[in-house]
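As structure tokens, the structure follows; a few thoughts come after it.
The values are calculated or read from the model by the stated rules, or taken from the named source; none is laboratory data. As the structure is a computational prediction, the values presented were derived from the model and not from experiment. Cβ: placed from backbone, ideal geometry, glycine included. Neighbour counts: every protein chain shown.
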């Protein structure tokens with residue numbers, strides 16, 4: 001069964017304190033791994049897609065990496081505006097439905 | 001690019017009435033749209049998959065007669081919550097997949113969500 005697990009559930013950082021979020025996945029035949037950011041009361045905002053092990057993508061203070069079993073979202077010198085819930089998802093075999101992890105709620109304090 | 005518009009963003013209705021939520025892809029064509037429901041502090045729960053010109057596919061446990069989905073064009077899908085009750089109060093989010101996205105297959109772009117409150 002396809003499965004996505006994110007850790008930690010919640011992460012509190014001081015401004016400038018770099019860290020990483022983890023997304024472990026079990027899927028037969030990876031068809032991409034997606035990272036989204038969700039602010040309270042809003043829909044998820046697309047950040048990155050990774051398709052093969054070893055691939056990396058960067059956007060401002062965020063960098064996503066992918067191995068055969070997991071993905072990391074590295075946050076370098078975070079700012080309070082990076083506070084949000086970060087969701088990881090993979091497409092299922094059936095019709096491209098996304099299987100989401102439970103998310104990591106990131107809070108960055110000034 | 002890849003903008004999905006969802007309307008309304010917030011709706012309050014009386015118990016027993018019906019509410020329609022619209023989801024539009026503004027700058028791309030979407031053969032497939034998805035409808036999700038999200039409870040506080042939880043991840044997204046897929047309700048149904050909507051394909052243009054055909055009947056929606058509902059997830060197990062989702063009442064198709066209560067949550068009517070129509071996908072009449074490549075840029076518009078609607079979700080109608082019929083005879084709404086307080087337990088239907090939730091955050092509903094739609095997403096769309098770009099029909100022509102060859103280098104970015106399976107990416108879903110999300111609307112801003114609709115907060116439904118049933119009194």
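List of remarks:
Matching residues to (1) in contact (Cβ under 8 Å) with a residue 40 or more places away in the chain; (2) over 29 Å from residue B:5 (Cβ atoms):
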site: A:5; (1), (2): yes, yes
site: A:14; (1), (2): yes, yes
site: A:24; (1), (2): yes, yes
site: A:28; (1), (2): yes, yes
site: A:32; (1), (2): yes, no
site: A:36; (1), (2): yes, no
site: A:53; (1), (2): no, yes
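- The numbered conditions (1) farther than 21 Å from residue B:32 by Cβ; (2) facing chain B (nearest Cβ under 10 Å) are all true for residue A:99 except (1).
- Residue match in the range A:80-88 (condition: within 14 Å of chain B (Cβ to nearest Cβ) and closer than 19 Å to residue B:96 by Cα): yes
- Wholly within the range B:1-81, strands (runs of 3 or more DSSP E) carrying at least 2 residues that are modelled with pLDDT under 95 and loosely packed, with under 14 Cβ neighbours inside 10 Å: B:67-73
- Options B:66, B:55; residue that is away from every other protein chain (no Cβ under 13 Å), more than 24 Å from residue B:10 (Cβ to Cβ) and free of Cβ contacts under 8 Å to residues at least 40 places away in the same chain: B:55
The rows are residues; the columns are (1) surrounded by 13 or more Cβ atoms within 10 Å (Cβ to Cβ); (2) under 12 Å from the mean Cα position of the chain (by Cα).
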{"residue": "A:23", "(1), (2)": "yes, yes"}
{"residue": "A:31", "(1), (2)": "yes, no"}
{"residue": "A:35", "(1), (2)": "yes, yes"}
{"residue": "A:43", "(1), (2)": "yes, no"}
{"residue": "A:64", "(1), (2)": "yes, yes"}
{"residue": "A:68", "(1), (2)": "no, no"}
{"residue": "A:74", "(1), (2)": "yes, yes"}
{"residue": "A:90", "(1), (2)": "yes, yes"}
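- If you go through the range B:82-101 and keep only what is buried (at least 23 other Cβ atoms within 10 Å of the Cβ) and within 12 Å of residue B:117 (Cβ to Cβ), you end up with just B:92.
- Flag if residue A:107 is surrounded by fewer than 21 Cβ atoms within 10 Å (Cβ to Cβ) and within 14 Å of another protein chain (Cβ to nearest Cβ): yes
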